[in-house]
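Below: the structure, in structure tokens.
Quick note: the coordinates plus some simple rules give every number you see, no bench work behind them. What you are looking at is a predicted structure, and each value in this text was computed from that prediction instead of being measured. Counting neighbours? That spans all protein chains shown, and the Cβs are built from the backbone with ideal geometry, glycine included.
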Amino acid sequence: MADDWRLTEDYQLHEDSFGSLMDWSHQGRLGNWLTLNGKTDPVVSVASGTVRLRLVNAANARVLAFRLGGDMPMRVVALDGAPCDPFDLQTIRLAPAQRADVMVEMPAGELSLEEVSTGEPIGAAMLQANEPASGAVSQPALTTWFDRPDLSGARVINVHMQGGAMGNLASAEFEGEVLALRDLAQEHSKLWAFNGIVGGYHHQLADLDLGEVTVLRVWNDTRWEHGMHLHGHHFWVDSKEFGENTRPVLRDTYLMAPGERADLVFVADNPGMWLFHCHMMEHHAAGMGAVISIT
């Protein structure tokens, strides 16, 4: 579990920078100190041979990128807890809240796990091989939990995301009143909107029937990446996260590039009020969230 922290020179939390609108309007509150499982560059004892690593981005805003020393490939076998058709990568990027299970052929001795999102490798952990694991190696699932649903007759919900620094949001509705972006920022610390409405727990995107096939048609009309997370469900998406070619995957959090349009397809099979929001938590706090009701 990886996290980043913004620390002062004496290694205390940088509390004075909490609530900075500069952070909230850009990528979010980024840290300057990396930990893995709560430690700095820990040594992690693993069995030699085939090892399954579960990578979790617990940061509140930073998109983390991991690779193994020597550019050793890793085989992705699950995303956000959902098994996927295995594929190989040398570097995997994870938005806040995203998870990935990867299979690694652990050599004798040590193997470094590096974080490379800034372009300058940082030691995240050192994997240290011990005795081989006993018993047979579990094979990853070859199929996902369920097939992609038939979209004929699907309910389409448009989500137009705007706001943030260098964006095109001039004004938005907040608590029933349309306000200029300057007033939203200075008086309410709000900087982002869904469909022209500053989001929150009061903003309901749709009221769905139980079992309804639904498409969230999302347009990231901003200058920033957003890790879009749907509570209570996984969704299918033709992901652009893994290179030039799209890959159909089942996720609960999707990292959207600036300007990207994506269809998030799910079955509304879990009744309740479910939040759909950006998992860069400053973006969420500043208006990037709404609720979907399923009855």
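Is there a quick way to get the dipole size of the chain? I mean about its Cα centre, with the Cβ of Lys and Arg at +1 and of Asp and Glu at -1; what is the value in debye to the nearest 20? Dipole size: approximately 340 debye.
Look at where the Cα atoms of the stretch 276-295 and of the stretch 1-65 average out, and the two centres are 22 Å apart.
Candidates Gly70, His229, His284 compared by Cα position along the dipole of the chain: farthest toward the positive end lies Gly70, with charges placed on Cβ. Would you work out if the stretch 213-292 is rounded, prolate or oblate? Take a ≥ b ≥ c from the square roots of the eigenvalues of the alpha-carbon gyration tensor; rounded if a/c is under 1.5, else prolate when a/b is larger than b/c, oblate otherwise. Here the stretch 213-292 falls in the oblate category. Dipole of the chain computed with +1 at Lys/Arg Cβ and -1 at Asp/Glu Cβ about the Cα centre; of Trp274, Trp219, Val156, farthest Cα towards the positive end is Val156. Determine the shape class of the stretch 155-294: with a ≥ b ≥ c the square roots of the Cα gyration tensor eigenvalues, call it rounded for a/c under 1.5, and otherwise prolate if a/b is greater than b/c, oblate otherwise. The shape class here is oblate. Overall shape: oblate for the chain, with the ratio a/c of the largest to smallest alpha carbon gyration tensor axis at 1.5 or above and b/c at least equal to a/b.
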